[in-house]
Amino acid sequence: MVVSVIGGTGSQGLGIAKRLAVAGESVIVGSRKEEKALKIVEETLEELKDYDVDIKGMANEDAAKEGDILIMTVPLQAQTATLKTIKPFVKGKIFLDATVPLETAIGGQVTRILKLPEGSAAERTAQILEGEDVKVIAAFNNLSNSLLLNVPEEIDCDCIIAGDDEKSKEIATELIEKIPGIRVIDAGKLEKAQLIEVVTPLLIGLNIKYKSPFGGFRITGIPKLDE
């Protein structure tokens with residue numbers, strides 16, 4: 001299975017790519033410009049030289065074409081344009097969307113949410129990719145970039161996901177939980193992404209207030225469904 005991180009050269013995408021590569025997955029780092037992806041991957045391979053990793057760099061379109069599971073980690077202002085470029089290559093695939101509609105997209109504050117007519121960024125993705133039989137899941141929205149990049153330390157944080165297809169969420173859960181320390185919590189249908197995304201600016205604000213880049217959430221008192 002190949003995991004492609006669309007917009008994977010930023011802190012969040014690169015952190016996810018590194019974590020999954022170290023966990024043994026074949027990973028492609030995508031970027032709007034192939035040259036940037038290749039440069040970042042070259043640096044990453046040097047950083048992870050003590051690990052046996054399979055990680056490559058490609059343009060977003062090629063990464064989407066080659067990937068079996070796609071993870072999109074772009075800012076809100078790049079979401080629509082990115083989706084339109086990769087739409088021809090997403091048919092039948094699982095699509096994890098980490099986009100958060102922060103006010104920074106319109107010059108506002110990083111600690112405030114931007115209300116979208118679709119309800120959430122993940123629901124916007126589902127609308128744009130409608131007709132492609134793609135399984136959209138909101139995921140990775142609340143994980144600190146600093147935690148993701150801090151290889152190989154365990155991540156003391158839950159990853160809350162939402163999506164309409166149960167089998168796809170099971171596959172996504174298995175993939176995400178290969179990252180040490182993370183437990184996946186399934187919040188339900190994709191409409192729940194509205195609630196998942198609005199938590200992110202709260203977490204950012206707490207990290208700013210307490211001067212820590214490593215803040216995260218744990219949901220307590222809820223056992224895994226298979227336990």
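Quick rundown of the values:
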item	result
Mean Cβ neighbour count within 10 Å, used as a protection proxy, ranking 206-215, 80-89 highest first	80-89, 206-215
Alpha carbon convex hull of the chain, projected area averaged over orientations, nm²	11.9 nm²
Order by protection proxy (mean Cβ within 10 Å, highest first), peptides 101-108, 28-35	28-35, 101-108
Too-long pairs where the Cα-Cα distance tops 30 Å, listed order kept, from Lys65/Lys178; Lys189/Lys209; Lys65/Lys211; Lys84/Lys209; Lys135/Lys209; Lys49/Lys169	Lys189/Lys209; Lys65/Lys211; Lys84/Lys209; Lys135/Lys209; Lys49/Lys169
Share, in percent, of DSSP beta bridges within the chain that are antiparallel, nearest 5	10 percent
Cross-link pairs beyond the 23 Å C-alpha cut-off, checked among Lys93/Lys167; Lys33/Lys115; Lys167/Lys192; Lys115/Lys167	Lys33/Lys115; Lys115/Lys167
Alpha-carbon centroid distance for the pair region 13-82 / region 86-103, whole angstrom	14 Å
Bridge type composition, region 54-149 - antiparallel percent by DSSP, nearest 5	10 percent
Helix-only mean residue ellipticity at 222 nm for the chain, each DSSP H run of n ≥ 4 adding -39500 (n - 2.57), per residue, nearest 500	-11000 deg cm²/dmol
Mean Kyte hydropathy of -1.0 or more with a Cα span along the axis of at least 18 Å, helices from DSSP in the chain	34-47, 193-209
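FYI, it's all coordinate maths here, none of it is from the lab. Remember, predicted model here, so these are calculated numbers, not experimental data. For neighbour counting, all protein chains shown are included, and Cβ atoms are generated from backbone atoms with ideal geometry for every residue, glycine included.
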